[in-house]
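Step one of this worksheet: look at the structure below.
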Amino acid sequence: MTPQRNSGTGAEAEYPEYAGQYRLESRLGSGGMGVVHLARSTSGMKLAVKVVHGEFAENPEFRGRFRQEIAAARRVSGAFTAPVVDADPDAERPWMATLFIPGPTLADEVKRNGSMNAGQLRRLMAGLAEALRDIHRVGVVHRDLKPSNVLLAEDGPKVIDFGISRPKDSELHTETGKLIGTPPFMAPEQFRRPREVGPAADIFALGSVMVHASTGRGPFDSDSPYVVAYQVVHDEPDLTGVPENLAPLVLGCLAKEPEDRPTPDELMRELRSVAASYDTQSFVPEERRDSRFPASTDPASPDADSPSPAGRSDRRRLRKRVLLAAGSLVLAAGCVFASVQVFGGDTTVAEPTDRSSRAGTGTTAAAAGFRAWVVRPGTGGTTGMPQCSYGGGKLFCAQKGLVSAIDPADGTVLWRHPIDATLIPSRPPVLSGGLVHPPLDNGPRLEALDPATGHTRWQETVSDRVGLGYAGGMTLLTGSDGKVTGVDSASGDSKWNRRIADLSGPQLFSFTGDQLAYATSPAQDGASTRVVALDPGTGDVRWQEKLNGQLKPIGTTGAGASVFFAALDTVYGDTVAVVDYDPATGASRKVEVAVPLQRAHGVVRGDTVYLLGGGGTVIAVDLKAGKQLWRLETAVSLGSAPAADGRYVYFTAADGRLLAVNARTGKLAGQTSPRLGPASDTIAASLPAPVVAGGRVYASAPDGSVFAVDAADPADW
């Protein structure tokens, strides 16, 4: 086939017939850096393939930026973006393939059909707020949100083109004197201090996009980009034509200072109160509100008038209250604004004591003598959501730079122990061998602490470590050579080192109540998975099996009993089925899920597996009955791994809410109030799972708090 001549920067520019293994069928569009083609995978799936212009392929700086675009797009692939299927930044003509999403861009839609109506605008704003929440949650700032980068798909808007986005940990920097972005949709700080652009810049762009969708123009309009830049930095936006019920929220997005703009979660909370017809609110029961506290003075509210944490601006708090309160008055006259509640059924508020230096808020009395509590175990510069586990009658929690122990009865902080502040904990501490092991997964050191005092009991420096796990009182390390080492968790002494037969680069898994460890290694084609059960004390293989499909362990029903797996689609990694394997009989069962789940987390309770998908879908699959029992859509995007106690399934949302779903009926049973905290633009990349113990549920929130509620009746939370 003769290459077609229709892309690139010149009239005679050619584009190739293939990008990697994908045949390019037609051109979808072009930009300054490349051309987007329609293509198909081997299975016939439609793809959008971006191929860069030949002249830029020779530029090392451009290749670096294209690698960054691929990395950013992969980090945010999900319900609100175009998932990355494949890419090759090192090809002669670098390319990236994403799932093809049918639908016009917002720019084309407005150009063809004019401004949107009020209902369409509400749904657009809510969809973009959800998208930005997910993008920011994984540490990416888009920096070029504009109408041509918003696709209007059937299931809501999708944000595309991460060509100038920047992960917060990126080593690429904006060049001095260069402005990166599209002036009518750039935030003031992108003109004034481009090296300091953060998530709030995307919120400003969202406001500008909403004005464009409402009127066909921007809030700052001129034929000259220099005039637009001046207006963005100095002038008030022109909101003429923006519906009155949305104008206050749009105005808040267009605040000159980043700290004065609302977060995506705050926008969604306000949009949920716009009208009963807003379709993503239907699953959420209205939260009960303590009549003693207005929304802005509830002691559990991030905007309470009590002393705010360090770094929080009173000006920001005041402006947000004025803008959001004004918005709610216009949006939902007669509705309750920002409903909040204190924990527990009794509204008596008391200040808990602390044997260390208390940094928490209040507690409330609950049924059966239990008093719900909330505490911030961190000190001064400690940030992030605490990752907590339960063991030996205590809660052990980890944040950036700190491990702490908490009395689960009343929230008393028992001790604090500093850890490497350059490491962000991705899991909670582990109680193994009678000692507390901080989450130092990415560092060169192992450490074990006394659970009573927090003092160091032993330390070891390790090298060539690519994996870490705990089971049966042992610390298990995997190296790049594929060998597994067993270390006594109580003493730090190495006990064994061996390669597990027939496993290449094994992943290790262990589960509470099970004394075995499990190593898995999928086949390259995803057709099968080798599973090996290890005795952690000796490294001996208890059993091994080659099971069909690409499988990821979810949990077990106890030592030596059945092991449950999520069966993954080999293209996207979605969960398509649940499998259990009984090593005693060699029998396995498989139950397909009705709709594949992206980025699913699971928990096992008896013969039932509960799965929470990245888009907020919760399902229950009964392996014994051989069917999916129920399905609930919660709209909680990228929630935590679930926990279950037989009565309820619990999980945490990015805004700090703890939600409970009835395990039998699949109905939402209750939820706590959001707890975003001062740095609400910073959202954890992975959320800590709730902890269920002793009839209570323990969870953490983005404001740095750990809290406890009674598991008996989530409706009273």
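Count of region 215-254 residues, restricted to those that are in a helix (DSSP H, G or I) and either open to solvent by 10 Å² or more (accessible area, probe 1.4 Å) or of a type in the set (D, E, K, R) (or both), is 12. In the set ALA527, ALA577, ALA517, ALA533, only one residue is out of contact with any Cys (no Cβ under 8 Å at 6 or more places or on another chain) and open to solvent by 10 Å² or more (accessible area, probe 1.4 Å); that residue is ALA527.
Residues in region 224-270 that are aliphatic (A, V, I, L, M), over 30 Å from ALA654 (Cα atoms) and touching a residue at least 24 places away in the same chain (Cβ under 8 Å): VAL228, ALA229, VAL232, VAL233, LEU239. Kindly provide the set of residues from region 556-574 that are open to solvent by less than 20 Å² (accessible area, probe 1.4 Å) and under 24 Å from SER41 (Cα atoms), ordered by number. Within region 556-574, ALA567 is the sole residue that qualifies. Within region 604-616, the set of residues being touching a strand residue (DSSP E or B) at 6+ places or on another chain (Cβ under 7 Å), open to solvent by 10 Å² or more (accessible area, probe 1.4 Å) and over 11 Å from ALA663 (Cα atoms) comprises VAL604, ASP607. Residues that are in a loop (DSSP other than H, G, I, E, B) and more than 18 Å from GLY513 (Cα to Cα): does region 467-479 have at least one? There is no residue in region 467-479 that is in a loop (DSSP other than H, G, I, E, B) and more than 18 Å from GLY513 (Cα to Cα).
Please tell me if VAL462 is at pLDDT below 90 and open to solvent by less than 50 Å² (accessible area, probe 1.4 Å). Yes: the conditions hold for VAL462. As a summary of the residue check, SER491 satisfies the conditions (1) crowded, with 17+ Cβ neighbours inside 10 Å; (2) at pLDDT 95 or above except for the one numbered (1). Return yes or no: is GLY473 open to solvent by 20 Å² or more (accessible area, probe 1.4 Å) and within 30 Å of ARG605 (Cβ to Cβ)? When the stated conditions are applied, GLY473 passes them.
Can you tell me which residue within region 32-64, out of those that are within 23 Å of THR182 (Cα to Cα) and of a type in the set (D, E, K, R), is most open to solvent (accessible area, probe 1.4 Å)? Per the criteria, the residue is GLU55.
For the list (1) over 33 Å from the mean Cα position of the chain (by Cα); (2) within 26 Å of LEU611 (Cβ to Cβ); (3) at pLDDT 90 or above, I need the number of the one condition that GLY560 fails. So GLY560 meets the others, but not (3). You will find that of ALA653, ALA644, ALA701, ALA684, the residue that is among the small types (Gly, Ala, Ser) and at pLDDT 95 or above is ALA644 and no other. Of the residues making up region 364-384, those that are among the polar types (S, T, N, Q) and either open to solvent by 10 Å² or more (accessible area, probe 1.4 Å) or modelled with pLDDT of 95 or more (or both) are THR379, THR382, THR383.
Looking only at region 619-630, residues that are closer than 21 Å to GLU130 by Cβ and in contact with a Gly (Cβ under 7 Å, 6 or more places away or on another chain) come to 0 in all.
Taken across region 135-145, residues that are open to solvent by 40 Å² or more (accessible area, probe 1.4 Å) and either on the phi > 0 side of the Ramachandran plot or touching a Gly at 6+ places or on another chain (Cβ under 7 Å) (or both) do not occur at all. For region 515-555, the set of residues classified as small (Gly, Ala, Ser) and part of a strand (DSSP E or B) consists of ALA517, ALA519, SER521, SER528, ALA533, GLY555, listed by residue number.
With respect to (1) over 24 Å from the mean Cα position of the chain (by Cα); (2) aliphatic (A, V, I, L, M); (3) at pLDDT 90 or above, the lone exception for VAL228 is condition (3). Pairing each residue of region 501-516 that is closer than 16 Å to TRP543 by Cα with any residue that is in a loop (DSSP other than H, G, I, E, B) and modelled with pLDDT under 80, provided the two are 6+ apart or on different chains, yields C-beta distances under 6 Å for ASP514/ALA559; GLN515/ALA559. Residues of region 699-717 that are in a strand (DSSP E or B) and either touching a Ser or Thr at 6+ places or on another chain (Cβ under 6 Å) or open to solvent by 10 Å² or more (accessible area, probe 1.4 Å) (or both): ALA699, VAL706, ASP710. Residues that are at pLDDT below 95, outside any strand (DSSP E or B) and open to solvent by 10 Å² or more (accessible area, probe 1.4 Å) within region 626-638 comprise ALA635, LEU638, listed in sequence order.
The values are calculated or read from the model by the stated rules, or taken from the named source; none is laboratory data. Keep in mind that what you see is a predicted model, and the values were worked out from it rather than measured. Methodologically, a virtual Cβ is constructed for each residue, glycine included, from the backbone with ideal geometry; neighbour enumeration extends over all protein chains shown. Side chains included, ligands, DNA and RNA excluded: accessible areas come from the protein's heavy atoms. Shrake-Rupley method; radii C 1.70, N 1.55, O 1.52, S 1.80 Å.
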